[in-house]
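Visitor: Pasting a structure below so you can have a look.
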Amino acid sequence: MSADLRSAAERVARQAYAPHSGFHVGAALRSARGQIYLGCNVENAAYPVSSCAERGAISAAVAAEGKDFKLHAIAVVALNAQGDSLPVTPCGACRQILVEFGADAEAGFSAPDGHWQTVRVGDLLPFRFILPDIGSR
Ligand code: THU
């Protein structure tokens, strides 16, 4: 994964609205077309309404490229309120979202031991839900 994606994720993590958790997350993705899209977490006093950085980036990509958007790579960075790096991996719901757009895409993040880890998106979510073909809709 190129360093520019990781540094873009770190920059956008500083934009996060995370007053409730103090966990500022940024996601930067590259589409198959080579464009970069960004997202950060946006929290809410009603906690479950909060949205994750990864989903923000995916929404920006789909808004720009439409239904043909394909995920090539995504970097996820988390910072505390002081700007120090924290470990993060995409949550379960975001894994399901990411895999829809690119099971073979590369995901990079800080593993629990602090090192930068890259994995195949499909490997983050074995036995994921796939909508079976149920004929005409
Ligand atoms: N969060 C993300 O934005 N992405 C992740 O991959 C993990 C969690 C956010 C959601 C919430 O605003 C905060 O981090 C703490 O869970």
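Every read-out reported here was derived from the displayed coordinates using simple, explicitly stated rules and does not represent laboratory data. Predicted model only: the values in this text are computed from it and were never measured. Using ideal geometry, Cβ is built from the backbone for each residue, glycine included, and neighbour counts are taken over all protein chains shown.
Visitor: For TRP116 and ARG137, compute 0.36 nm times the residue count separating them, minus their Cα-Cα distance, and round to one decimal in nm. All intermediate terms of the calculation are to be shown ahead of the outcome.
Guide: On the way: separation 21, 0.36 × 21 = 7.56 nm, distance 4.32 nm.
Fully extending the segment from TRP116 to ARG137 adds 3.2 nm.
Visitor: Calculate how steeply helix 53-65 sits against the longest principal axis of the alpha-carbon atoms of the chain, using the helix alpha-carbon long axis, and give the answer as 0 to 90 degrees to the nearest 10.
Guide: 50
Visitor: Relative contact order for the chain using alpha-carbon pairs under 8 Å, separation at least 6, rounded to a whole percent?
Guide: Details: 293 pairs, mean separation 28.0, N = 137.
Worked out over the chain, it gives 20 percent.
Visitor: So what is the orientation-averaged projected area of the chain, using the convex hull of its C-alpha atoms, in nm²?
Guide: Computed as one quarter of the Cα hull surface, the answer is 9.2 nm².
Visitor: In whole Hz, what ³J(HN,Hα) sequence does region 121-134 give by Karplus (6.51, -1.76, 1.60; θ = phi - 60°), x for Gly and Pro?
Guide: My calculation for region 121-134 gives 4, x, 6, 6, 9, x, 6, 5, 6, 10, 5, x, 6, 10 Hz in order.
Visitor: In what order do LEU38, LEU5 fall by count of nearby beta-carbon atoms within 10 Å, going from fewest to most?
Guide: LEU38, LEU5
Visitor: Can you give the charge dipole size of region 21-137 about its Cα centre, rounded to the nearest 20 debye, using +1 on the beta carbon of Lys and Arg and -1 on the beta carbon of Asp and Glu?
Guide: That gives a dipole near 280 debye.
Visitor: In whole Hz, what ³J(HN,Hα) sequence does region 8-21 give by Karplus (6.51, -1.76, 1.60; θ = phi - 60°), x for Gly and Pro?
Guide: 5, 5, 5, 4, 6, 4, 6, 8, 4, 9, 9, x, 8, 9
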